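Peer 1: Below is the structure I would like to discuss, written out as structure tokens.
No value in this document is a laboratory result; all are computed from the given coordinates. Just so it is clear, the model here is predicted, and its values are computed rather than measured. Backbone-built Cβ (ideal geometry, glycine too); neighbour counts: all protein chains shown.
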Amino acid sequence: MLHINCPHCGMRSQNEFSYGGDASVKRPELNKEVSDQDWDNFVYNRKSLRGKHLELWQHISGCRQWIKVERDTATHEIFRTFKADEEVA
Amino acid sequence: MTQAFRIENGGLINRDKKLSFKFNGKTYLGYEGDTLASALLANGVHLVGRSFKYHRPRGFFGAGVDEPYAVVQLFRNGETEPNIKATEQELFEGLEAKSVNCWPSVNFDVGAINNFLKIFLPAGFYYKTFMWPKSFWYRIYEPFIRKAAGLGVASTKHDKERYEHKYEYCDLLIAGSGPSGLAGAYAAAKNGAKVILAEDKPRFGGSLLTSDVNIGNQSGKDWAEGIIAELKTMPNVVVKNRSQIFGYYDHNMLVMSEKVSDHLPLTKKYHPNKRLWYIRAKEVLISSGSIERPIVFGNNDTPGVMLSSAAKEYLKVYGVLVGRKPLVFTNNDSGYETAIEFKKHGVDPVVLDSRKNPESEIIDEAKNLGINIKYSYVVVAAQGYKKVKSADIASISEDKKQLGKIENIQCDCICVSGFWTPTIHLASQSGNKTKFKEEIDAFIPGQSKQNEITLGAANGVFSLEETLKTSFTAGSELSKKITENDNKIAIPNVVEKKSSQHDKFWCVPLPKGKNYKRFLDFQNDVAVSDVEIALREGYRSIEHVKRYTTLGMATDQGKTSNLNGLQLVSEIENKVVPAVGHTTFRPPYTPVSIGAIVGREVGKHSKPTRKSPMHSWHEKNNAVFVDAGVWLRPRYYKRGNENLFEGSKREAKNVRTNVGVCDVTTLGKIDIKGPDAAELLNRVYTNAWLKLPVGKARYGVMLREDGIVMDDGTTTRISENHYHMTTTTAQAANVLSHLEYYLQLVWPELNVNVVSTTEQWAGAAIAGPKSRDLLQKLFPNSDVSNEGLPFMGYMEGDLFGVKARIYRISFSGELAYEVNVASDYGNFMWEKIIEVGEEFNIQPYGTEALSTLRIEMGHVAGSELDGRTIPYDNALEGLVSKKKDFIGKRSLQRSAFITEDRQRIVGVVPLDKQTSIPEGSHLVKNDKAPLPNPKLGHISASCWSVEYDNPFSLAILKDGKNMIGQKLFAMSPLKNKVIPVEIVSSHYVDPKGERVRS
Ligand SMILES: [Zn+2]
């Protein structure tokens, strides 16, 4: 079970969180033309990376904040966590 | 009834307390402190089971967790548990156990024909033998294999034992209470660290219980007892016996199974049977010791052949002789320790040492005791079927290839020692890449990946002095980092005998003309020849060899077999062992009972139960409840002998003719506040929200980004920047997360807050033509006329002194209202509605009537919004704005979603107006068409229309728009029904929606 450092609450066990997928996905802006390909990429197409991956988790049984977690998908090592609005350098 | 093999004195058992127990129906006696294995051996019982594949007789091989043979079915307090290791099961008064894997009995086993007929199922036998013909598999092969090859029988009864889960945090977790674990725990505890020390056996001390050493002028055992006693007094230390750490998971989470009650005849009141500990440790010290490994020789699976360390443990801990004419076969000094113990108890052992002329203190001691030692000698084969009767032995050449003349010597047990294998399972599970240590012919942990360190025998260090030194130091250093205390501890003096180098020898060659089975894996019956076949057939990777031969795949996970298997592969392949590599170690280290894993989450406790504030009223009024997600909701209120059909029909009819009241507390409720609240709703819902006036409600549909309907519900504008959203009961949590996702991540610029208020409000839906009359009486000071509170209107009211919210919304399709009050007043509200409603013939109605009402109105619910439908499919396209953008809008342009013959909701009526259509039935054109009969759609919901008094269903049907009036068949193979039906509009009752506005 992972140990995730919620930037709002501190270290908590994985069972307080729910997984939210790839954090690098950007929703196309509202009221803008979007090509089929771009929309498909947004809705469906994800890279299944081995290694460092920036992903979303929601601290569902805690502060309910969505956070970003930089995690190695192969080793489960967590490098850093970020608040939703924090820039990932 | 006599314990013929129990010595007069000695051992750690309690001789004052005799216990009686049964094995295979026969009664025996043992002592408190025995295991089932030691008690059986004390009674001279060596035959305990049959092997998995060949059904060869099986005895005891070890004395603990490594035991591959002695797996029994245990009966305790009216319950039964399979696959219990007799070497781990502590004896209690009245214990009953039976052999497994023998049919019809352990002494006469039909399956042993596999052995005698020499069918000798070789490697890959399942794959090869039973492949053809295919039809034979189900009828003949599988039933036979199942009957012949099972390991025990799981109980089919409800388990009345309780199991608990516990979460714990500590600075230092220590796996194993041998010398290393004790030293590490003591040093860390003295520095004030929070320590958990876990020992899988009932007794602490590990190897110190059986080894002949001296620590600080005490025997090893006394020293261990002193340390444990002191640790137990320290508030920062938790000391747990009967507790196996079986898994090392990510981020230093380890899981431990504590046997709380297995050693007792009955579980004590308020005690669990087992407790599963989830431990998050800052640091982990793995002091899991080592397991003696066998030397491979002919018929080495005969009962009476066992590890020499086990024989020593039975003698020193339990006072039991495993034989009176022991033969010790060793390639290192450990065998001598066992021989010396035998000799001290008046038994004369013979020692065969594969080495030519080893010299050490221990060997000198054995010599001085007059023990008969034969150097450069090996056991070629054990003789005897159900018990060792003699051994064929021979001298062996220095290159270990040539055997001398075969001699036969009488013996009743063969104690074998092939040196020691560090127990590296936990280290390996942690992600540590293990490395091969040439001096000990075994793998040890390499570079740590998590915060773990392995010391002592588990790290391949067999000197007590070095183990204590490194472990005391590690305990201090690890704890110093955490507590910043640095209490110096004097390391005690150690007296131990120095050992000589072991012989790199693990397998006795076959003598000419003999074809003895030489087993590597004792539980799965994998012999040297099986691995040879696998390699001959081209299997190279050790993982493939493992699966093809099943080497190391039994419940003991190859604790005694893995390394010898690797040695064999490396020898045949002419590679060194590290190049062959070992198979992956995975949790659990030892089998864990399913009950412990499940814990308290069984039956009703498998999920929480949520009840509305009116629940006790429903109970008192004969409500029959149904699970709605985690909620319990009244399905109908039973009157007299009514069944569900009759009761729900009565309730629904009363709504259509008078007035009914339904508990709708379970609906999800979300409070939305902020200046951008309207903008959020406008983006989330498919329809327009910017112009909704204060005091008005609106129905909305929300999509996922892929265009599929996520949920529906009404949202009401309470005040300028304040909205009250309702969701379906099932989607409440998902919708809240969905809103939070967009607010926090996608549109953080929106100034809106959302919070769940599901539990803050109790809700009652009042529906039926007389509902306004009732409402007027409930709120005499409010204008609830059609003008004062029109359809989709909202107002606040005073319900006999309680503040209430009144929404004119309808799910039933009748003139209807929903009244909400603060939860604590829910019951008050409900009783008032019933009391005042009496003159209007009010009746409460449950979810079944609620479904009937919405189905015949064609209102969609979860059975249509099933995660596969878009707004058009549900006839909701009128709610999809063409002008504004919203979540999922772009997906609605996908070609599959705009085809002409797109599926759509329809109504379905059976032609005979009699037969109810089972939900889930498929709609087909031709009921006689060959399979697979093309499916045009499916029945999503069915009811008995109270308006027309005939069955009515909703269906999602391909090209539903153009199918009205068509005749089809509803087929339900599950219910064995074929029903001719007519397709009608989904709006079966009041298609213009006049009633809700009346
Ligand atoms: Zn948090």
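Peer 1: Using unit Cβ charges (K, R positive; D, E negative) and no other charged atoms, how large, in debye to the nearest 20, is the dipole of the stretch B:899-997 about its Cα centre?
Peer 2: Working: 14 positive and 11 negative charges, 43 e Å.
Dipole of the stretch B:899-997, to the nearest 20 debye: 200 debye.
Peer 1: Under the rule of -39500 (n - 2.57) per DSSP H run of 4 or more residues, summed and divided by the residues of the protein assembly as shown, what mean residue ellipticity at 222 nm is obtained, to the nearest 500 deg cm²/dmol?
Peer 2: Details: 24 runs with 220 residues, N = 1087.
Result for the protein assembly as shown, helices only: -6000 deg cm²/dmol.
Peer 1: GNM on chain A, C-alpha springs below 10 Å: top fluctuator among A:ARG50, A:ARG27, A:ARG12?
Peer 2: Most flexible of the set in this elastic network: A:ARG27.
Peer 1: Per q in 0.12, 0.13, 0.21, 0.22 Å⁻¹, report the Debye log10 I(q)/I(0) for the stretch B:262-399, using one uniform scatterer on each alpha carbon and no solvent.
Peer 2: Log10 I(q)/I(0), no solvent term: -0.61, -0.67, -1.31, -1.42.
Peer 1: Can you give the longest stretch of chain B with no exposed loop site, where a site means chymotrypsin sites (Phe, Trp or Tyr not before Pro) in a DSSP loop (not H, G, I, E or B) with at most 10 other C-beta atoms within 10 Å?
Peer 2: B:271-998
Peer 1: So, counting K/R as plus one and D/E as minus one, what does the shell of residues with Cβ under 12 Å around B:GLY674 add up to?
Peer 2: On the way: positive: B:LYS673; negative: B:ASP671, B:ASP676, B:GLU679, B:GLU720, B:GLU749.
After counting each charged neighbour, the total is -4.
Peer 1: Please name whichever of B:THR549, B:GLY513, B:LEU535 sits farthest to the positive end of the charge dipole of the stretch B:511-573, dipole taken about the Cα centre and charges placed at Cβ: Lys and Arg +1, Asp and Glu -1.
Peer 2: Of B:THR549, B:GLY513, B:LEU535, it is B:GLY513.
Peer 1: Just order B:911-918, B:177-184, B:41-48 by mean Cβ neighbour count inside 10 Å, highest at the front, would you? The partial results should precede the final answer.
Peer 2: Values: B:911-918: 14.9, B:177-184: 30.5, B:41-48: 23.8.
My ranking of the peptides, most packed first, is B:177-184, B:41-48, B:911-918.
Peer 1: Treat every Asp and Glu Cβ in the stretch B:511-573 as -1 and every Lys and Arg Cβ as +1, leave all other atoms uncharged, and give the resulting dipole magnitude about the Cα centre to the nearest 20 debye.
Peer 2: 200 debye
Peer 1: Scan chain B and report its longest stretch carrying no GluC sites (Glu not before Pro) that are both in a DSSP loop and have at most 14 other Cβ atoms within 10 Å.
Peer 2: Segment B:94-358 is the longest.
Peer 1: Please name whichever of B:ILE291, B:GLY660, B:SER207 sits farthest to the positive end of the charge dipole of the protein assembly as shown, dipole taken about the Cα centre and charges placed at Cβ: Lys and Arg +1, Asp and Glu -1.
Peer 2: B:ILE291
Peer 1: What is the protein assembly as shown by shape, rounded, prolate or oblate, if you read a ≥ b ≥ c off the alpha carbon gyration tensor as root eigenvalues and call it rounded for a/c under 1.5, prolate for a/b larger than b/c, and oblate otherwise?
Peer 2: Prolate shape, in that a/c is at least 1.5 and a/b is the bigger ratio.
Peer 1: While we're here: With point charges of +1 on the Cβ of Lys and Arg and -1 on the Cβ of Asp and Glu, referenced to the Cα centre of the stretch B:668-853, which listed residue (B:ASN721, B:GLY707, B:TRP830) lies farthest in the positive direction of the dipole?
Peer 2: The one lying farthest along the dipole's positive direction is B:ASN721.
Peer 1: What percent of all Cα-Cα pairs in chain A falls in each 10 Å bin, counting up from 0?
Peer 2: 16, 43, 29, 10, 1
Peer 1: B:LYS611: which aspartates and glutamates have alpha carbons under 16 Å from its alpha carbon, excluding same-chain residues fewer than 8 sequence positions away?
Peer 2: B:GLU619, B:ASP627, B:ASP663, B:GLU759, B:ASP824
Peer 1: Then there is this: Restricting to the protein assembly as shown, compute how many DSSP beta bridges are antiparallel as a %, nearest 5. Write down the numbers at each step before the final one.
Peer 2: Values: 154 of 200 bridges.
If I count the DSSP bridges inside the protein assembly as shown, around 75 percent turn out antiparallel.
Peer 1: Take every residue in peptide B:740-746, count the Cβ atoms of other chains within 10 Å of its Cβ, and give the average of those counts. Don't jump to the answer; show the numbers that get you there.
Peer 2: Working: counts 6, 6, 2, 2, 9, 13, 6.
Counting Cβ atoms of other protein chains within 10 Å of each residue's Cβ and averaging gives 6.
Peer 1: Write down the percent of antiparallel bridges among all DSSP beta bridges whose residues are both part of chain B, to the nearest 5. Provide the component values of the computation, followed by the final result.
Peer 2: On the way: 135 of 181 bridges.
Antiparallel bridges make up about 75 percent of those DSSP assigns within chain B.
Peer 1: Using Cα centres only, tell me the gap between the stretch B:266-345 and the stretch B:576-633 in whole Å.
Peer 2: First find each Cα centre; the distance between them is then 36 Å.
Peer 1: Let me ask something else. Under a point-charge model restricted to the Cβ atoms of Lys and Arg (+1) and Asp and Glu (-1), what is the dipole moment magnitude of the protein assembly as shown relative to its Cα centre, in debye to the nearest 20? Before the final figure, lay out the partial values.
Peer 2: Values: 141 positive and 128 negative charges, 447 e Å.
About 2140 debye.
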